[in-house]
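Here's the structure, in structure tokens; my notes come after.
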Amino acid sequence: MKWLYGFTYLVGICLSVSPLYAQSSLKDLQQIQLLSQEECIIVQVNADWNFSASLDLNGLNNCVWFNASIDDKEYGAIIANEWKVVSVPTIIMFEYGKEVKRFEAGLSFNLDKNKIIKDIKDEIDEIQLRKFQ
């Protein structure tokens with residue numbers, strides 16, 4: 001019976017980071033560590049004061065995405081240091097925990113939405129193709 005509870009817990013964790021689940025903000029460090037288990041992850045790192053410059057990533061398929069704030073007391077400084085975030089917003093794409101692409105804002109603290117979304121979709125297609133190679 002204990003294995004059934006364990007299995008249910010594991011399924012709950014998987015669903016909480018799957019593309020079927022509503023994607024949102026990172027909530028804690030444990031969730032960040034689980035990201036390395038997913039095939040395609042996009043993390044948009046921003047600061048609370050620059051939230052208006054965040055891109056809407058809702059239209060992306062085949063990839064789980066999250067927003068993270070460097071102002072978060074629990075994980076903000078760790079993310080900024082570990083992922084070497086030097087400007088906000090920064091969008092980082094991971095494939096099984098390995099960084100494959102990064103988009104960083106310049107002095108304007110803005111990203112070119114149309115170009116970035118196209119580049120992200122192209123990279124997602126590449127990740128999907130690598131599954132079959």
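Modelled spin labels at Trp49 and Asn110, positioned 7 Å past Cα toward Cβ, are 1.9 nm from each other.
Seen from Phe109, the other residues with C-beta closer than 15 Å to its C-beta sum to a net charge of -3, counting Lys and Arg as +1 and Asp and Glu as -1.
Take the Cα of Glu74, step 7 Å toward its Cβ, do the same at Asp125, and the gap between the two points is 3.8 nm.
Pairs of Cα atoms nearer than 8 Å and 6+ residues apart set the relative contact order; for region 63-121 it is 20 percent. Loop-located trypsin sites (Lys or Arg not before Pro) in region 96-133 (DSSP state other than H, G, I, E, B) with a sparse environment of at most 11 neighbouring Cβ atoms within 10 Å: Lys131. Of all aspartates and glutamates in the structure, the ones whose alpha carbon falls short of 12 Å from that of Lys84, not counting any fewer than 8 places away in one chain, are Glu99, Glu104. Going by accessible surface with a 1.4 Å probe and the largest first, Tyr75, Tyr96 read Tyr96, Tyr75.
Oblate is the label for region 36-84. Its Cα gyration tensor axes, ordered a ≥ b ≥ c, give a/c of at least 1.5 and b/c at or above a/b.
Annotation: Glu104 carries an accessible surface of approximately 90 Å², with a 1.4 Å probe and no ligand, DNA or RNA atoms counted.
The values are calculated or read from the model by the stated rules, or taken from the named source; none is laboratory data. Just so we're clear, the structure is a prediction, and the values are computed from it rather than from any experiment. We place every Cβ from the backbone using ideal geometry, glycine too, and count neighbours over all the protein chains shown. Surface accessibility is based on the protein's heavy atoms, side chains included, excluding ligands, DNA and RNA. Shrake-Rupley method; radii C 1.70, N 1.55, O 1.52, S 1.80 Å.
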